[in-house]
Amino acid sequence: MQHQEGDTVLIDGGDRFASVEEKLISYLNEAGVDRFDAIIATHPHADHIGGLSAVIEKFPVDAIYDSGRVHTSQTYEDYLLLIDEKDLTFKTPRRGDKIELDNLTFDIIHPGEDTEKYSLNDSSIVTYLQYDQISFIFTGDIEEFAEREILGTGIDISSTILKVAHHGSRTSTNNYFLEAVNPEIAVIQVGEDNRFNHPAPEVINLLEKNDIEIYRNDLDGDIIVNTDGEYYSIETNRLNQDDLDQAEESEISEPEDSETNYSQININQASKSQLESLWGVGPVTADNIIEYREDNDEFQTIEEIKEVDGIDSNKFNRWKDQITI
């Protein structure tokens, strides 16, 4: 989060891979970040704190806010040693606490005092940010146990924008929690073609059923929310349909009397590399498509591709006009 008057906050830092760290540092530099008022490490899993060490090495940090749950991984140990080496302020906020900066205030919704009763995921720090009329809830990797505990507190968690918990896993975002948040926008932070097949189809279906607009890193790239406190806008790296149509027109020239649309991919005949050209389809999902069509004697309709692991309605709707059988 960046405020125009200077407050800068980072929640989690991705995994500890050189490519991830390089992209994160590059992004922060391009965004004009030169320091952090606060870094919030929601919980000690490597895919959330791994990239923070590179950030702490590169930028001055006023304070680290950590769940306080200990993990045995080398990544977690290195993260703590670096914080100690830099002599950074280290805090473990609990429900009811606030992170108060000059222009932004984050309410701590979770965890409660007894963090030992939680799994590492359920120990995640959950923060709520109200910026005039626009509100955000950042949920870390909490699962149903923590969601129900939050609901039991009676705290108002209704938000304009929901950071969907646990990368859209089926173990999170139960219907009651979603009803309480009642967001307009859901942001799912998830890697393309990930081995866990996040986000779960059940979660996508629930969000769609509630008419919530979905944004996903695997489909949309960087997702940036801009707000003045009254209105908000969302920027992504995704090409809109006009851009896609224009690109197709510039790349494909057909005789006027041709009945064949050569821009479409025949999913019953396409190679792995052709399938990977579809938005959000990586090597694993492409293999799943090929395996499905071989096991089921080809696709009978283009809609049938949604039966393949890794393909949901959100992906299908992005490129349904680009495929055929």
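The values are calculated or read from the model by the stated rules, or taken from the named source; none is laboratory data. It should be emphasised that the depicted structure is a prediction, and the values quoted were computed from it without experimental measurement. All Cβ positions, even for glycine, are placed from backbone atoms using ideal geometry, and neighbour counts span all protein chains on display.
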(Q) Looking for something out of contact with any Ser or Thr (no Cβ under 9 Å at 6 or more places or on another chain), in the same structural domain as ILE109 (by TED's automatic domain parsing) and not β-branched (Val, Ile, Thr) - is there at least one such residue anywhere in the range 34-43? (A) no
Q. Does ILE234 qualify as being under 10 Å from the mean Cα position of the chain (by Cα) and not basic (Lys, Arg)?
A. no
Q.
I'm trying to understand the selection: among the residues of the range 1-24, which are farther than 20 Å from ASP37 by Cα and either assigned to a loop (DSSP other than H, G, I, E, B) or not acidic (Asp, Glu) (or both)?
A. ASP15, ARG16, PHE17, ALA18, SER19, VAL20, LYS23
Q.
With the requirement that a residue be closer than 14 Å to ILE83 by Cα and outside any helix (DSSP H, G or I), what does the range 45-57 give you?
A. GLY50, GLY51
**Q.** Checking THR89 against (1) out of contact with any Asp or Glu (no Cβ under 7 Å at 6 or more places or on another chain); (2) loosely packed, with under 14 Cβ neighbours inside 10 Å, the condition it does not meet
**A.** (1)
Q | Complete set of residues in the range 299-325 that are part of a loop (DSSP other than H, G, I, E, B) and either in contact with a Pro (Cβ under 7 Å, 6 or more places away or on another chain) or aliphatic (A, V, I, L, M) (or both) | A | VAL308, ILE311, ASP312, ILE325
Q: Check whether at least one residue in the range 196-212 is in contact (Cβ under 8 Å) with a residue 40 or more places away in the chain, assigned by TED's automatic domain parsing to the domain that holds ASP107, of a type in the set (S, T, N, Q) and in contact with a Pro (Cβ under 7 Å, 6 or more places away or on another chain), and report yes or no.
A: no
Q. Out of the range 262-299, which residues are farther than 13 Å from THR324 by Cα, touching a helix residue (DSSP H, G or I) at 6+ places or on another chain (Cβ under 6 Å) and of a type outside the set (Asp, Glu)?
A. LYS272, TRP279, GLY280, VAL281, ALA286, ILE289
Q: Could you tell me whether ILE64 is assigned to a strand (DSSP E or B) and under 25 Å from THR173 (Cβ atoms)?
A: no
Q: With the condition kept exactly as written, say whether any residue in the range 266-280 is of a type in the set (A, V, I, L, M), over 24 Å from ILE188 (Cβ atoms), at pLDDT 80 or above and out of contact with any Lys or Arg (no Cβ under 6 Å at 6 or more places or on another chain).
A: yes
Q) Would you pick out the residues in the range 152-175 that are assigned to a helix (DSSP H, G or I) and at pLDDT 95 or above? A) GLY152, THR153
Q: Look through GLU149, GLU192 and report the one residue that is surrounded by fewer than 19 Cβ atoms within 10 Å (Cβ to Cβ) and at pLDDT 90 or above.
A: GLU149
